[in-house]
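Below is one structure, written out as structure tokens; comments come after it.
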Amino acid sequence: MDKRDVNISGQIQDLLKRINMRARHVMIKEFDKKELTMHQIFIMKTIEKHRNINLTTLGNQLNLSKSSICLTINKLVEEGYVLRKEDPEDRRNKLILLSEYGIKAMNESKNASRKIFSDLLTGLNHNELEEIKNSLIKLENFMANNAEKDY
């Protein structure tokens, strides 16, 4: 990669960071008005993705201590978003899963998040949106392929 490409690569990285930060800022402001915090939603998203996960694995997935994750899970259980159930393979272990109420809350959260993001893109026409989407897909594919290299 020549010097000009390295400069462009840095600009792309900075743009992606700024886009992410702006979107997060708006999302956090909007979700502060809701019952669930972004932290709780992030944890519930991980529980949803890894069905029937235990506390230790959840903490490892999120890079959080077991005690930190336990406090949030206890609150989510108390509020009815999450359930604990006995692991049929190891009765000493408790599995964590979303309750029906938690699934409904996650669906509402996804819909709200998509609406907020869509509102942020107001003013771009269909062709511009397609062009951005296709460029991001291409970038993601290149990065995924290059991530396989040893660094």
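Structure above, values below:
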| item | result |
| --- | --- |
| Built amide H within the under 5 Å cut-off of SER99, gap 5+ | VAL82, LEU83 |
| Rounded to whole Hz, the Karplus (6.51, -1.76, 1.60) HN-Hα couplings of segment 74-81, x for glycine and proline | 4, 5, 5, 5, 4, 8, x, 7 |
| Neighbour-count order for ILE47, ILE12, fewest beta carbons within 10 angstrom listed first | ILE12, ILE47 |
| Per-residue HN-Hα couplings for segment 4-10 [Karplus 6.51, -1.76, 1.60; θ = phi - 60°; Hz; x = Gly/Pro] | 5, 5, 5, 5, 5, 4, x |
| Vicinal HN-Hα couplings computed from phi for segment 22-27 (Karplus, 6.51 cos²θ - 1.76 cosθ + 1.60; Hz; Gly/Pro x) | 5, 4, 4, 4, 5, 4 |
| Label-point separation, LYS94 to LYS33 (7 Å along Cα→Cβ), nm | 3.5 nm |
| FRET efficiency, ILE19 to LEU62 (Cβ-Cβ, R0 30 Å, nearest 0.05) | 0.85 |
| Inter-label distance for LYS133 and LYS45, nm, one decimal - labels placed 7 Å from Cα along Cα-to-Cβ | 2.0 nm |
| Within-12-Å neighbourhood charge of THR57 [Cβ basis; K, R +1; D, E -1] | +3 |
| Residue exposure sequence - VAL82, VAL6, VAL26 - by fewest surrounding Cβ within 10 Å | VAL6, VAL26, VAL82 |
| Fraction in percent of alpha-carbon pairs per bin - 5 Å, segment 3-112 | 2, 11, 18, 18, 15, 11, 8, 6, 5, 3, 1, 0 |
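Where a number appears in this text, it was derived from the coordinates with a stated rule and is not lab data. Bear in mind the structure is a predicted one, so any value in this text is a computation, not a measurement. Counting neighbours? That spans all protein chains shown, and the Cβs are built from the backbone with ideal geometry, glycine included.
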